[in-house]
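Step one of this worksheet: look at the structure below.
Values quoted throughout were computed directly from the atomic coordinates according to the rules given, and no laboratory measurement underlies them. Predicted, not measured: the structure shown is a model, and the values here were computed from it. Glycine also receives a Cβ, built like all others from the backbone with ideal geometry; neighbour counts cover every protein chain displayed.
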Amino acid sequence: MMKDFLTLINKLERGLKQPLPGRKGQIIMAPQPVEEERFAPDPGNDTRKGAVMILIYPDRALSKVPFIKRAVYPGAHSGQVSFPGGKWEQTDLDLEATAIRETEEELGVEGSRISVIGELTPLYIPPSNFTVQPFVGFTENEPVFNPDPREVARVISCDFYTLLDYKIRKEKLLDLKGGAKINAPYFAIANEMVWGATAMILSELLSILESIGE
């Protein structure tokens with residue numbers, strides 16, 4: 001089991017050291033019509049900074065990754081499924097520290113147990129005016145999750161290789177505020193819809209893995 005897990009980690013680590021696919025990988029799961037500002041290298045000086053963590057861990061014969069379903073709150077991403085993460089704080093050394101701290105706060109996973117192996121392409125999220133830096137990390141053992149109930153309604157752990165199954169990729173027409181409509185590609189995971197920035201970030205990571213083979 002650990003051999004398979006370590007093989008996955010080694011593959012991802014190698015892939016993350018190569019030139020990243022960036023927009024080419026992200027746009028596969030981007031809502032249509034595409035908001036080109038998502039891919040701008042510098043959306044503006046007033047953009048807030050944030051980071052998320054794609055955390056891979058071993059669970060018996062599987063390699064898993066946790067998603068969180070956010071609690072309902074007055075905000076742009078209320079109730080959505082995402083990776084653990086949040087905004088950069090002045091006390092954070094850098095955005096990697098932000099991703100680790102937020103993972104510890106939201107999931108209860110000790111930051112000292114997380115080994116970061118690389119980062120993906122930053123992505124701008126227009127509704128919340130955040131530029132998010134995704135990181136990829138792992139824990140050597142299965143973590144005991146202790147989610148913060150104020151921020152997390154549900155922890156969803158998914159077999160990493162299930163994410164490579166194109167049968168879970170679907171599309172849905174969504175009605176937005178103001179009457180606009182978008183066609184949203186999404187990953188159907190545990191009866192939840194993983195779409196938007198989270199799906200785009202995940203799409204880039206899976207593109208990297210597919211480029212070096214399973």
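Some observations on this one:
- Positive end of the dipole of the chain (Cβ unit charges, origin at the Cα centre): among 191, 56, 7, the Cα lying farthest that way belongs to 191.
- Per-residue [θ]222 nm for the chain (sum of -39500 (n - 2.57) over DSSP H runs n ≥ 4, rounded to 500): -7000 deg cm²/dmol
- Out-of-range pairs (alpha-carbon distance over 31 Å; input 11/181; 64/181; 64/172; 49/181): 11/181; 64/181
- With the highest mean first, a sort of the peptides 172-185, 106-119 on other beta-carbon atoms found within 10 angstrom per residue produces 106-119, 172-185.
- For the chain, the square roots a ≥ b ≥ c of the C-alpha gyration tensor eigenvalues yield an a/c under 1.5, which makes the shape rounded.
- Charged-residue dipole, Cβ positions (Lys, Arg, Asp, Glu), the chain about Cα centre, Debye nearest 20: 600
- Segment 139-200 shape via C-alpha gyration tensor axes, a/c threshold 1.5: oblate
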